[in-house]
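Some notes on the structure that comes next.
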Amino acid sequence: MSIFSIFEQKIKKSLQLIDTEQKNDLDISRLNVELPRDPSHGDLATNAAMVLTKQLGVPPRQLAELIVAKLVDDDDVESAVVAGPGFINITVKPSFWFAQLAEVLSERGNFGRSSLGGNQKINVEYVSANPTGPMHVGHCRGAVIGDALANLLDFAGFDVTREYYINDAGGQIDVLARSVFLRYREALGQDIGPMPEGLYPGDYLIPVGEALVKSYGDALINMESDEWMPIVKSVSVDTMMDLIRDDLAALNVRHDVFFSERSLHQMEGDKNRIDLAIDDLRDKGFVYLGTMPPPKGQVPDDWEDREQLLFRSTDVGDDIDRPLVKSDGSYTYFAADVAYFLDKYKRGFKEMIFILGADHGGYVKRLQAVAKAVSGGESRLTVRLCQLVKLYRDGRPIKMSKRSGDFITLREVVDEVGRDAVRFMMLYRKNDMPLDFDFAKVMEQSKDNPVFYVQYAHARCRSIFRQAQRELANIDLGNNNLAASRLELLQDEGEIGLIKKMAEFPKIIEAGAATHEPHRVAFYLFELASALHGHWNRGKDHPELRFINPDSTELTLARLALVDAVRTVLASGLAIIGANAPEEMR
C-alpha cells in the first residue's frame, strides 16, 4: 500500500472519531492525499475538509481543525496543521520513513506491485502496422508506449493480453502482392524498369521476390493473376510479419496474440464473422437501411446518394452513422472493426486499450460507439493517440532512409542508438505531445540525457557495493544483513529524501495504470536518479555523508541498505519501461 493510501485510511479513521451525524454515510471518493506543492509545508497534504464540508455541515477550516486534533494522536504523525481555507499539511515521524525503507528491502522487486487490477482481464492492442514493409519510426512510439503500458498494467495487478491486429485483408495487401510479383520477375532476370507509381518501391521486397523464385521457379509467370495473387499474398504477408516481428524484438516489444483481419472474412458455413457481427448489431437494433449525407466540404465526383446498410452509431455517442457495406457489396473497413471488437468481447475482455497514431483521431468516437453497442455499455474502450516523432541529428532534421527510400526504419534507429535509449526517450514525453528525437543528444553521457542518467544511477549503486567489498573485506552485504541494519542511523536530509522519493513509487504505479500513462514511470525514475546523484555529489564535499564509512560498520550497512533499495526501485521501473538495468557503465 502506498503512503498516500495509508494516510487516506488514517484520515478516514479520524473522521469516524468526529462526532457528527452524517459520518457513516460519507462519500469520500474525492478525498485526496498528495505531496504538498511546497516541501517546507510538510510531507503530505490533504483536501479532506474541503471536499467533506457540505456533507458534514461543518465549515471547512473548522472541520480541518477537528481532523487535525485526531491526526496528531497517530503514532506516525509528527505534526498536522491547517493551512488556508481548510487544507491540512502533515509532517510524518522519521520512524515511518524507516518503516517504508524496511518495506522496500523486504519486498525487493515486488515493492510497488499493486492489487489495483484485481486480476481483471485487459487487452492492449498496439503497433498493428500494415504488413507491407519494415517498421518505421512512426510505429516506434506506439510500440514502446503500448508495450510499457502493458508492463505497467501487469505490475499493477491486471491480467494483460498484448495484441497485434494484422491488417491483411485490405487493398494495401493487393498492392504489396503486385509489388512483390514485380520483384519476383526481376529475380528471374526480367527488366521491370522503374517501380510503377502506387506500388511499394523499397529494396526490402527484393529478398521476397528471390524467395518466390526458390520456391516456385518460373511457374508463377505462366499463371493468371487470380491464380498467382493468393500465393504471392500469403508469402508476402508471412515474410513481412517475420520482418516486423524481428524489428519489434530488436526493440524488446512482444505480443501474446497476432490477430489476422483476414480470418474475419473466412466463411464459417454460409457466413463469416463480419456477417455474424452485423447480425448481432441488427438484433440489438443498431443496423438499418438508409442514406448518408454528403461529405462536408467539396463533394467527391464518385460520391453516390444511395441507400446502404448503416450502423446507428449516433445512438451511442458517434457524430454520424457509419456505413457497413460498400456500393460493390464488399464490407467497409469499419465493418471489420465491429467484428474484431465482438471477437475480443467474446474472449472475455471487458476493458480494451487501443494505442493508435495521431492520424487515427477520427476513429475514437466510432470505436467507442461500437463498444457501447456490442456490449450494452458493459465494456470500457480507451484509445490513446501517439503524436509524431521528429528525428534530428545535431539539431538538423532527418527525412530519408537508405533502406526504404522514403522513411526512417525502426531498425535503423535502434541499431544506431540502442534499444534502451529508444524506449526511454519514446516515454519521456506524454503520448499526446509531439516528440523530438535527436540522435546526438540521446548518445550523450550527461544529465541532459535522461536514459543515461537513470541507467548510470543503477550502475552507480552497483559500483558502491563493489567499492564496499574492496574496502571492507569482512562486511556481510547479504539481503538479510542489510534488512536487519539500524536504519534509524539515516538522519541526513538527503538520506530521508531518498526514502521519501522511493515511497512515492507505489502511487506512481497505480496512478500510471489508472490513467494509462506509462510516461509517469520514466519521469519518476529520472527524479529518483537525480536524488541519488545529488546525494552522492554532496559526499564529495562532505566525507561524513559518503555511503561507505570505514569508522562505522553499522552506519555503512544502513547506508548500503538505502543504496540497495534505490537500486531495486530503479531496476523495477526500468523493467516496466523495457530498458536494461546495467551493472556498470564506462
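The values are calculated or read from the model by the stated rules, or taken from the named source; none is laboratory data. Note that this is a predicted model, so its numbers are computed, not measured. Please note: Cβ atoms are built from the backbone with ideal geometry, for glycine as well, and neighbour counts cover all protein chains shown.
Per-structure values
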quantity: Residue match in segment 209-217 (condition: outside the structural domain of Thr239 (by TED's automatic domain parsing) and among the polar types (S, T, N, Q)); calculated: no
quantity: Matching option when the condition is surrounded by 19 or more Cβ atoms within 10 Å (Cβ to Cβ), under 28 Å from Asp174 (Cβ atoms) and of a type in the set (A, V, I, L, M), among Met240, Met267; calculated: Met240
quantity: Criterion violated by Arg520 - all others in (1) under 15 Å from the mean Cα position of the chain (by Cα); (2) surrounded by fewer than 17 Cβ atoms within 10 Å (Cβ to Cβ); (3) of a type in the set (Lys, Arg) satisfied; calculated: (2)
quantity: Arg30 vs. criteria in contact (Cβ under 8 Å) with a residue 24 or more places away in the chain, in a loop (DSSP other than H, G, I, E, B) and among the charged types (D, E, K, R); calculated: no
quantity: Filter pass, Lys326 being of a type in the set (Lys, Arg), over 26 Å from the mean Cα position of the chain (by Cα) and closer than 30 Å to Thr291 by Cβ; calculated: yes
quantity: Search result, residues across segment 534-571 that are closer than 23 Å to Leu427 by Cβ and crowded, with 23+ Cβ neighbours inside 10 Å; calculated: Val566, Thr568, Val569, Leu570
quantity: Residue that is nearest to Val144 (Cα to Cα) [pool: residues in segment 349-367 that are in contact with a helix residue (DSSP H, G or I) (Cβ under 8 Å, 6 or more places away or on another chain), surrounded by 19 or more Cβ atoms within 10 Å (Cβ to Cβ) and touching a residue at least 40 places away in the same chain (Cβ under 8 Å)]; calculated: Ile355
quantity: Residues located in segment 477-519, provided they are assigned to a loop (DSSP other than H, G, I, E, B) and within 27 Å of His542 (Cα to Cα); calculated: Leu477, Ala484, Ser485, Arg486, Leu490, Gln491, Asp492
quantity: Counted residues, segment 127-142 - those being in contact with an Asp or Glu (Cβ under 9 Å, 6 or more places away or on another chain) and among the polar types (S, T, N, Q); calculated: 2
quantity: Close pairs from segment 387-411: first in the same structural domain as Asn431 (by TED's automatic domain parsing) and over 19 Å from Pro134 (Cβ atoms), partner at pLDDT 90 or above and among the aromatic types (Phe, Trp, Tyr), Cβ under 6 Å, at least 6 apart; calculated: Arg393/Phe439
quantity: The lone exception for Arg312 - which of (1) among the basic types (Lys, Arg); (2) touching an Asp or Glu at 6+ places or on another chain (Cβ under 8 Å); (3) under 28 Å from Gly138 (Cβ atoms) it fails; calculated: (3)
quantity: Test: residue in segment 99-106 that is among the polar types (S, T, N, Q), in the same structural domain as Gly497 (by TED's automatic domain parsing), loosely packed, with under 15 Cβ neighbours inside 10 Å and under 34 Å from the mean Cα position of the chain (by Cα); calculated: yes
quantity: Residue count for segment 170-201, restricted to those that are surrounded by 20 or more Cβ atoms within 10 Å (Cβ to Cβ) and assigned to a loop (DSSP other than H, G, I, E, B); calculated: 1
quantity: Condition broken by Gln62, with the remaining ones in (1) in a strand (DSSP E or B); (2) out of contact with any His (no Cβ under 9 Å at 6 or more places or on another chain); (3) not small (Gly, Ala, Ser) satisfied; calculated: (1)
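Residue-wise test of (1) over 34 Å from the mean Cα position of the chain (by Cα); (2) over 30 Å from Glu510 (Cβ atoms); (3) not hydroxyl-bearing (Ser, Thr, Tyr).
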{"residue": "Ile145", "(1), (2), (3)": "no, no, yes"}
{"residue": "Ile173", "(1), (2), (3)": "no, yes, yes"}
{"residue": "Arg185", "(1), (2), (3)": "yes, yes, yes"}
{"residue": "Asp203", "(1), (2), (3)": "no, yes, yes"}
{"residue": "Leu220", "(1), (2), (3)": "yes, yes, yes"}
{"residue": "Asp238", "(1), (2), (3)": "no, yes, yes"}
{"residue": "Arg245", "(1), (2), (3)": "no, yes, yes"}
{"residue": "Leu248", "(1), (2), (3)": "no, no, yes"}
